[in-house]
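Structure, as structure tokens:
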Amino acid sequence: MYISNNVMLRIPKIQDSSSYFRWINNREIVEYNANFIPISIESHNQWFNNLNIDPSSRYFSIVINKEQLIGSCSLRKINFKEKSAQLQVRIGEKKYLNKGYGTIALSLLLKFGFSELKLDRIILNVLETNIRAIKAYEKCCFKKIRLLKNEVYMNGSYKNMYEMVVEKVEFLRNNL
């Protein structure tokens, strides 16, 4: 469990599953960072029940005020040899967007990755048009390293994405 400013990252609980299912089947929420594909309850339950079994992934629920589940975040494709991982964050409850919770959750997840997992760099891909997310990532020391042209096909057209990276040294220098 990781806590800062009333934001907590904790291991997902079984009672979180219905919210995760609702979020992954909400086109508007999903399309902030991925192509929307509806997920069946069976597929979702199989995925949810196997969270954190794979050592190359760590999933967390984002909770505010000790009990209100508002989103999820994860480190995926954790490579202990190269000391790297990919990051994903989603505020699933729309009324909690633009309140700074995502930035705090990002910071907690990065501290976990750099301190607990001993990673040296964490990367992510973000839609070029997702300005709110890009600003949050930049607050947490992520830097744009390249523009991936026509990286994802969404709603009948190709979209550009930025690949962003944060290095452990840079993050810790600015977050101690």
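The values are calculated or read from the model by the stated rules, or taken from the named source; none is laboratory data. Worth saying up front: this structure is predicted, and the values here are computed from it rather than measured. As a convention, Cβ positions derive from the backbone with ideal geometry for all residues, glycine included, and neighbour counts pool all protein chains shown.
Being more than 18 Å from residue 62 (Cβ to Cβ) and not hydrophobic (A, V, I, L, M, F, W, C) holds for only one residue in 95, 168, and it is 168. Among the strands (runs of 3 or more DSSP E) confined to the stretch 1-115, the ones with at least 3 residues that are in contact (Cβ under 8 Å) with a residue 40 or more places away in the chain and more than 30 Å from residue 156 (Cβ to Cβ) are located at 2-4, 7-10, 58-64, 68-79.
Of 158, 162, all but one fail to be surrounded by 14 or more Cβ atoms within 10 Å (Cβ to Cβ), out of contact with any Pro (no Cβ under 6 Å at 6 or more places or on another chain) and either without any contact (Cβ under 8 Å) to a residue 40 or more places away in the chain or of a type in the set (D, E, K, R) (or both); the exception is 162. Being acidic (Asp, Glu) and either farther than 28 Å from residue 173 by Cβ or modelled with pLDDT under 95 (or both) is a property that does not hold for residue 116. Checked against (1) surrounded by fewer than 19 Cβ atoms within 10 Å (Cβ to Cβ); (2) more than 26 Å from residue 147 (Cβ to Cβ); (3) over 12 Å from the mean Cα position of the chain (by Cα), residue 77 meets all criteria but (2).
Taken over the stretch 3-18, the criterion of being within 16 Å of the chain's Cα centre (by Cα) and loosely packed, with under 13 Cβ neighbours inside 10 Å is satisfied by 11 alone.
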